[in-house]
1. Go through the range 132-186 and count every residue that is assigned to a strand (DSSP E or B), free of Cβ contacts under 8 Å to residues at least 40 places away in the same chain and either touching a Leu at 6+ places or on another chain (Cβ under 8 Å) or among the small types (Gly, Ala, Ser) (or both).
2. Given (1) free of Cβ contacts under 8 Å to residues at least 40 places away in the same chain; (2) part of a helix (DSSP H, G or I), identify the lone condition not met by residue 211.
3. Starting from residues that are within 15 Å of the chain's Cα centre (by Cα) and either of a type in the set (A, V, I, L, M) or modelled with pLDDT of 95 or more (or both), keep the ones in the range 284-307 and report whichever is farthest from residue 64 (Cα to Cα).
4. In the range 183-194, what residues are surrounded by 10 or more Cβ atoms within 10 Å (Cβ to Cβ) and over 19 Å from residue 129 (Cβ atoms)?
5. Identify all residues within the range 12-63 that are among the basic types (Lys, Arg) and at pLDDT below 95; write none if there are none.
6. Where in the range 358-441 are the strands (runs of 3 or more DSSP E), entirely inside, with at least 1 residues that are more than 26 Å from residue 462 (Cβ to Cβ) and modelled with pLDDT of 85 or more?
7. For residue 162, only one of the following conditions fails: (1) at negative phi; (2) in the same structural domain as residue 256 (by TED's automatic domain parsing). What is its number?
Amino acid sequence: MYNTILVVVLLHSIGFCYAGQLRLPDGVITETVVAGNVIEVSLASLRPTQSVIAHEQVNYRLALYRDSRQQMFADLCKNAGWGLQVSFTGQSVANNADSYVCTDAGSNTRNIKQLKTVVVGADNQLYLTDGHHAFSAFYDMPQGGPELKVTVLVQAKLEVPESAAFWQQMERKGNAWLYDAEGRQISYQALPTSLGRAHLQNDPYRAALYFLRDGVWAKPKPAIPFVEFYWAQYLRTHSELQFPGYYSAAEYLQWLERIHSHLLHLNKDSIIFGDFTAEKLGWQGKADYARLDQLLCHRKPKEHNWGPLGIALSQRGVPLQCDKRQYLDRAKLATGLQQLPPAINTDGSVNVLIEITAGSNAKWQQNKAAPLQLEWEQQQGKLRQIDYLAYPANYGIVSNTLLAKERGGDGDPLDVLVLGQALPQGTVQQVRIVAVMRMLDNGEQDDKLLAVPLSGVFSEITDLAELQHQFPGVTEQLQLWFEHYKGATGNISVQRIDGAATAIELLKASQL
């Protein structure tokens, strides 16, 4: 089978070009193709140089194309170097370039910077070095597929006949990423031969960097190849940032918020990947709560209120609500229970519903009308963020308890801090109560139980004295955090910290 391949030879820097038609075997490039050539080829002719992409980045484009043919044709024109202006009709289709017109195509001023790049190997094969996401969206869209024609710029011709040496040079020049979706190194033989989500693995950490870009971090200039993957490799090593899956849009957003908080508390010299520091990889060191607030749902009414993350997840079929509250019905499925368990188990351990994961800045809480659900608390019409250091411990409530107002409480379940590593939000954890911080919040009793997990570094602690002896300064840090996390307007004071006996007495008196 033969394809018509358009070869465009660039003439100096004035932007004019000369086009000639060649009939070549499918997927083969002639020896006359050199660095600087602009060529039109089918997607099937391009070989990936990485095995992983962010599926949500592709899903975002596919959802846009699903809802807007204008966007689809505009992206086709842009990726051909002709900008976003396009003219099309109801009969126009993506896989027939003659059925639509890129408005600027007649001006002979193709924007080379908009083109994706390839390296030509000694076997005259085209290896895609930029554009795996954009071209995978074209590959997977209904009017796309392997035979869809795209325009690429030949970045280099690498005359290295021996395969291992070829890929060594590709890696050294930043033209190949030989890792899988788990961050494990792979051989060049394991690379896929086709684009699209069915062939390229999904790395959710790479997607997180896409949605958080231009906020807490930005692409460095000059560009660093695979910078998002460097960050992804770093993030996946932190257990508290474990990807929760596609259970709900709200949980996905909470995961992004944890990553945002983690990145926010780095410093410019933090080592991220190899010799790269955070600053070299584009770390900004500034909070971007406005972006987080708009990722799932826009605040201004539109045709639909979905933000970029909402658009991407809608393509996957993840349920989404834009009614000012995002629910996380995690506890029921995570525990297999139809209702929250009693406060105290027969073995003396206590059941805690984790509302906020350690290291997070987002203020989530139990939905009082639906005890198995969590909701992101709102304050003055905005999703509430803690404008202070992130939560120093896991925060939650003891299930089926109430600190009654008639006893001087706030009318809510007993609050509890669970020390140790980050615990999954929305799950019920069994803990041991070791102390209670006696607190006043604007004159109202707002005590916080202190608890430890049944396993891990804190697991042998049974009382306040042991906690303070084995982990000096912990209680002082917690007291300092709570007395200041609300800022100048806060009126919180820790009166004292009592031991396990007093804490358990309070717990038993608060059981429902």
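The values are calculated or read from the model by the stated rules, or taken from the named source; none is laboratory data. The structure presented is a predicted model; accordingly, all values stated were derived computationally and were not measured. Cβ sites come from the backbone with ideal geometry, for glycine too, and all protein chains shown count toward neighbours.
1. Of all residues in the range 132-186, those assigned to a strand (DSSP E or B) come to 149-158, 177, 179, 185.
With free of Cβ contacts under 8 Å to residues at least 40 places away in the same chain added as a condition, the list becomes 158, 185.
Next, only the ones that are either touching a Leu at 6+ places or on another chain (Cβ under 8 Å) or among the small types (Gly, Ala, Ser) (or both) stay: 185.
Matching residues across the range 132-186 total 1.
2. (1)
3. As a first pass, look at the range 284-307 and keep what is within 15 Å of the chain's Cα centre (by Cα): 288-289, 291-296, 307.
Those left that are additionally either of a type in the set (A, V, I, L, M) or modelled with pLDDT of 95 or more (or both): 292, 295-296.
Values: 292: 20, 295: 15, 296: 15 Å.
Filtering the range 284-307 for residues that are within 15 Å of the chain's Cα centre (by Cα) and either of a type in the set (A, V, I, L, M) or modelled with pLDDT of 95 or more (or both), the one farthest from residue 64 (Cα to Cα) comes out as 292.
4. The answer is 183, and nothing else.
5. Pass one, the range 12-63, residues among the basic types (Lys, Arg): 23, 47, 61.
23 - this is the single residue of the range 12-63 that is among the basic types (Lys, Arg) and at pLDDT below 95.
6. 364-367, 428-441
7. (2)
For every residue, the table says whether it meets (1) in contact with a Ser or Thr (Cβ under 9 Å, 6 or more places away or on another chain); (2) of a type in the set (Gly, Ala, Ser); (3) assigned by TED's automatic domain parsing to the domain that holds residue 248.
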site	(1), (2), (3)
417	no, no, no
423	yes, no, no
431	yes, no, no
435	yes, yes, no
438	yes, no, no
441	yes, no, no
445	no, no, no
450	yes, no, no
453	yes, no, no
